[in-house]
Amino acid sequence: MAQYMKSVFLRIPSVIFLAVVALPACAGHGKVAYSNPAYDHSQYDYAQVLQVRPVTEIVQIQEERQVCREEPVQHHVAEHRSPVPVIFGSILGGVIGSHFGGGHGKTLATIAGATIGGAVARDAQVNSDHSQHYTTLEQRCYLETNWHNEERVVAWDVDWAYHGKTYHSRMNEHPGDRIRVRVSVDPVYP
């Protein structure tokens, strides 16, 4: 029995070795195909462009422009008021006020007359305002915003032929008369 066990243990590494070697040889007979990315089977060629159609969309465009206009602006120039009428009115009022009353009453009447005379002269000056008004044209500018719709090409629908078959693609740029294509060759397993 010991001899039998010894021969079984010696055969196990041989069986494992044969399984490891035989497995890849049998792998090609199954339905699963394994590809190695290190081996790229692609080639490049050119296909003939049959038809190109622009793909468009309507977009809103904002347009700002500066607009300037001549607008009337009214100016006010205040008249320079001389203090002479107020002073003269105060003196005249004081002289008139001094003719009334006696003692301290005379002094109060003079002060009241001077104050009233100055106030009357000042009010007369305000009521007869001869300030000047004139109008000038000045340029006023502002931004005016306008919107308009515009049709823009956003892509190209391309019909192209390669080895007798017709294909369709959408491209970002106009392709011209021919396009470059990648042709890939891979094995097909039964």
From Thr135, Thr115, residue being polar (S, T, N, Q), over 30 Å from Arg65 (Cβ atoms) and over 39 Å from the mean Cα position of the chain (by Cα): Thr115
Residues being modelled with pLDDT of 70 or more and either among the aliphatic types (A, V, I, L, M) or surrounded by 12 or more Cβ atoms within 10 Å (Cβ to Cβ) (or both) - total across segment 57-82: 6
Criterion violated by Val49 - all others in (1) surrounded by 10 or more Cβ atoms within 10 Å (Cβ to Cβ); (2) of a type in the set (A, V, I, L, M, F, W, C); (3) at pLDDT below 90 satisfied: (3)
One residue from Ile116, Ile87 being of a type in the set (A, V, I, L, M), modelled with pLDDT of 75 or more and under 30 Å from His133 (Cα atoms): Ile87
Residue in segment 123-134 that is of a type in the set (Val, Ile, Thr), at pLDDT 75 or above and outside any loop (DSSP other than H, G, I, E, B) present: no
Those residues of segment 156-184 which are without any contact (Cβ under 8 Å) to a residue 60 or more places away in the chain and either closer than 26 Å to Thr56 by Cβ or of a type in the set (Ser, Thr, Tyr) (or both), in sequence order: His168, Ser169, Met171, Asn172, Glu173
Considering residues of segment 167-189 that are in a strand (DSSP E or B) and of a type in the set (Val, Ile, Thr) only, the residue nearest to the chain's Cα centre (by Cα): Ile179
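The values are calculated or read from the model by the stated rules, or taken from the named source; none is laboratory data. Owing to the predicted nature of the structure, the values given are computational and were not obtained by experimental measurement. Using ideal geometry, Cβ is built from the backbone for each residue, glycine included, and neighbour counts are taken over all protein chains shown.
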